[in-house]
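The values are calculated or read from the model by the stated rules, or taken from the named source; none is laboratory data. The structure displayed is predicted, hence computed values, not measured ones. Please note: Cβ atoms are built from the backbone with ideal geometry, for glycine as well, and neighbour counts cover all protein chains shown. Keep in mind that these areas ignore ligands, DNA and RNA; they rest on the heavy atoms of the full protein, side chains included. Shrake-Rupley method; radii C 1.70, N 1.55, O 1.52, S 1.80 Å.
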Amino acid sequence: MALTAVEIAASVRAGKLDPVEVTEEALERIAAADGVIGAFRRVRAEEAVKEAAEVAARPDLASLPLAGVPVAVKDVTELAGEYASHGSLAGSSTRADADGVIVTRLRAAGAVIVGLTRVPELCIWPMSDTPDGIARNPWEPTYAAGGSSGGSAAAVAAGLVPLAHGTDGMGSVRLPAAMCGLVGLKPGADLLAEGGWFGMSVHGPLATTVADTALLVSVLASAPELASVASPSPVRIGLSTTVPLLHTPVPKELVAAVSTAAGHLAAAGHAIAPAAPRYPATMVLGMTARWLAGPAAQARAFDVSRLQRRTRAHVRAGRLVERAGLIRESTRDRWVSRAEEFFASHEVLLTPTLSHWPVKAGRWHEKGWPANVLPSTRLAGFTGQWNFAGYPAITVPAGRSAVSGLPTSVQLVARPGGESLLLGLAAQLEAANPWPRTARN
């Protein structure tokens, strides 16, 4: 995949590329590599070629922002003629009669939907394996690609498609993006709320460049102004590498990535100083309650007896949380007031994205609940609190581990409405420290 999404769309609009040929090339890459990578639950080969021809024939082709761009969507998405499995064999396989809002916006922009990407059951875990496949990290396939948007991250990092859609409830865009060396944006809840997990889950883009990320989020959010990435004026950035409240040790290379990024941002004129919000103890309880109860509410539409045993345990715990009345707005309000206090004196918070290295790829769905919970909570220490607050956050690649070869990354967080600022800062990091776009480079 030599071209970015921005370049593909521009060439299609100018008549230099044929959407059918672009789609066929993407399908060839998927056929060649996905047997190893495991990014897709369903590849729409015949349908995608037909839809690409329809894009080529559109009278408005010259104005389409995603003209002819192959895009993968997460397997939670309403897509006409397909069913969303949510990573489970326990749900309905009734095919949707119509596209949902995300696919509607992608198609309106000229995108070609090539397939549905693999997710863990009910999107609970930061590893994306199912009975029929394992989403592997293209940089080092013995490691998991992350989750729950792991299939989407694997598809982009392997160069199968330039763009993929994901959702993020506790880090499910940012974690796999960090593991696979991608840009992953979690928009604020006010921009792209997905509706799940009691308001914590949002839609978001995964891409290899900041410009592609901006383009996709502009389409997903129906906000064309987000596609233009401007260099921001100097801002105040607080830096923290301490896991909120838990203070668990963070691997040295992940901490070093933050120092490197801080140096680049300081060179760009930003003011960097150690600082972090005053995280309330109830924050962890509040977001964990939603992580448990959200899938429990979703499971009512599934045959619980056919769910994986780790999921059944999660659902049981979530129902106890619901019955105990632990989903409280007051808990969220207390955390948001602390976040507002921090952002009154800072425009941005800079942290690692991962609090631990990714887990090895494997059949995690066959293991019990405790065996999945421990590694999941170890690596997600910096992400879920911003879903709970509803604030936007972005993951940006920073380098490679000298030990494992896996990517390193940083996370930038801004107050609500700060998506353009985050994209601008990410672009400055990209210019100062360019990263290889895919694992094939």
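Note on segment 2-25: residues that are open to solvent by less than 40 Å² (accessible area, probe 1.4 Å), in contact with a Gly (Cβ under 8 Å, 6 or more places away or on another chain) and either charged (D, E, K, R) or within 13 Å of Val71 (Cα to Cα) (or both) total 5. Pairing each residue of segment 410-432 that is among the hydroxyl-bearing types (Ser, Thr, Tyr) with any residue that is in a helix (DSSP H, G or I) and open to solvent by 10 Å² or more (accessible area, probe 1.4 Å), provided the two are 6+ apart or on different chains, yields C-beta distances under 7 Å for Ser420/Leu226.
Every test in (1) open to solvent by 30 Å² or more (accessible area, probe 1.4 Å); (2) touching a residue at least 60 places away in the same chain (Cβ under 8 Å); (3) among the small types (Gly, Ala, Ser) is passed by Ala266 save one, and that test is (2).
Table: residues versus (1) farther than 17 Å from Ala178 by Cβ; (2) of a type in the set (D, E, K, R).
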residue	(1), (2)
Asn387	no, no
Pro392	no, no
Val410	no, no
Ala414	yes, no
Gly418	yes, no
Leu422	no, no
Ala427	yes, no
Glu430	no, yes
Trp435	no, no
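Looking across segment 331-361, the residues that are out of contact with any Pro (no Cβ under 9 Å at 6 or more places or on another chain) and more than 23 Å from Arg236 (Cα to Cα) come down to Arg332, Asp333, Lys360.
Counting the residues of segment 232-291 that are modelled with pLDDT of 95 or more, farther than 30 Å from Arg319 by Cβ and of a type outside the set (D, E, K, R) gives 37. Counting only residues that are open to solvent by less than 10 Å² (accessible area, probe 1.4 Å) and not polar (S, T, N, Q), which one in segment 311-341 is nearest to Thr395 (Cα to Cα)? Taking the candidates together, the pick is Ala339. Within segment 27-39, the presence of at least one residue that is touching a residue at least 40 places away in the same chain (Cβ under 8 Å), under 30 Å from Gly87 (Cβ atoms) and open to solvent by 60 Å² or more (accessible area, probe 1.4 Å) is confirmed. Can you run down the residue pairs with Cβ atoms below 7 Å, 6 or more apart or on separate chains, where the first is in segment 293-313 and closer than 23 Å to Thr94 by Cα and of a type in the set (S, T, N, Q) and the partner is surrounded by 12 or more Cβ atoms within 10 Å (Cβ to Cβ) and at pLDDT below 95? From segment 293-313, the pairs are Gln298/Gly196. Pro436 satisfies every condition listed in (1) free of Cβ contacts under 8 Å to residues at least 24 places away in the same chain; (2) more than 18 Å from the chain's Cα centre (by Cα) except (1). Among residues belonging to segment 195-225 that are without any contact (Cβ under 8 Å) to a residue 60 or more places away in the chain and either within 9 Å of the chain's Cα centre (by Cα) or crowded, with 24+ Cβ neighbours inside 10 Å (or both), point out the one that is farthest from Ala154 (Cα to Cα). Step by step, filter segment 195-225, then rank; the result is Gly204.
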